[in-house]
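Read through the structure below, which is laid out as structure tokens, and then see the notes.
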């Protein structure tokens with residue numbers, strides 16, 4: 001495997017970050033209807049995500065192969081280039097997220113994304129809430145996962161912030 005390096009995203013990375021997101025979303029969630037066009041997604045990453053969020057990228061072979069966005073204790077995005085799934089990059093991202101938020105983490109993923117469920121559960125996350133999707137912009141049923149370093153997860157938290165949540 002090529003060496004993978006995690007680093008903070010720079011403004012110049014925004015287009016490539018959006019492209020990783022678009023490829024990953026299409027491959028992992030083919031049945032989920034995106035409410036935004038490719039251009040709108042690229043604008044969102046360029047204008048909001050990369051410059052204003054705690055955005056991390058995985059770099060290998062001189063290109064970006066993954067993206068993770070943290071919002072406090074919430075993983076709001078975690079997407080990998082489809083060709084790079086299963087190579088430990090998600091593990092590296094979660095290790096970083098746990099180091100940055102040792103008191104606990106939470107995230108949302110779609111109910112149809114069973115590989116993501118298995119991935120997060122393997123890393124100690126527990127499903128604590130299921131919804132019918134009426135409060136997300138895709139109108140797709142989702143599930144909230146919580147990781148705590150010790151003990152059972154606390155009660156449901158409100159969905160706050162960007163309508164874009166970790167789905168990958």
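The values are calculated or read from the model by the stated rules, or taken from the named source; none is laboratory data. Values in this document were obtained by computation on a predicted structure and should not be read as measured data. Note that each Cβ is placed from the backbone with ideal geometry, even for glycine, and that neighbours are counted across all protein chains shown.
Quick notes
Each row is one residue, and each column tells you yes or no for (1) touching a strand residue (DSSP E or B) at 6+ places or on another chain (Cβ under 9 Å); (2) at positive phi; (3) surrounded by fewer than 16 Cβ atoms within 10 Å (Cβ to Cβ).
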position	(1), (2), (3)
84	yes, no, no
87	yes, no, no
109	yes, no, no
115	no, no, yes
130	yes, no, yes
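- Output for the range 58-68, where each listed residue is in a strand (DSSP E or B) and either over 16 Å from residue 92 (Cα atoms) or in contact with a helix residue (DSSP H, G or I) (Cβ under 6 Å, 6 or more places away or on another chain) (or both): 58, 63, 64, 65, 66, 67, 68
- The single condition from (1) in contact (Cβ under 8 Å) with a residue 40 or more places away in the chain; (2) closer than 20 Å to residue 135 by Cα that residue 79 fails is (2).
- Enumeration of residues in the range 27-45 that are touching a residue at least 24 places away in the same chain (Cβ under 8 Å) and in a helix (DSSP H, G or I): 27, 28, 42, 44, 45
- Qualifying residue in the range 121-138 (condition: assigned to a helix (DSSP H, G or I) and at pLDDT 95 or above): yes
- For the range 105-120, taking the residues that are out of contact with any helix residue (DSSP H, G or I) (no Cβ under 9 Å at 6 or more places or on another chain) and outside any helix (DSSP H, G or I), the one that is farthest from residue 9 (Cα to Cα) is identified as 112.
- Any hit, the range 46-54, residues being part of a strand (DSSP E or B) and in contact with a helix residue (DSSP H, G or I) (Cβ under 9 Å, 6 or more places away or on another chain): yes
- Count - residues of the range 1-45 that are in contact with a strand residue (DSSP E or B) (Cβ under 7 Å, 6 or more places away or on another chain), modelled with pLDDT of 95 or more and loosely packed, with under 13 Cβ neighbours inside 10 Å: 3
- Residue within the range 89-99 that is part of a strand (DSSP E or B), touching a strand residue (DSSP E or B) at 6+ places or on another chain (Cβ under 9 Å), at pLDDT 95 or above and closer than 19 Å to residue 54 by Cβ present: no
- Some residue of the range 53-62 being within 19 Å of residue 145 (Cα to Cα) and without any contact (Cβ under 8 Å) to a residue 60 or more places away in the chain: no
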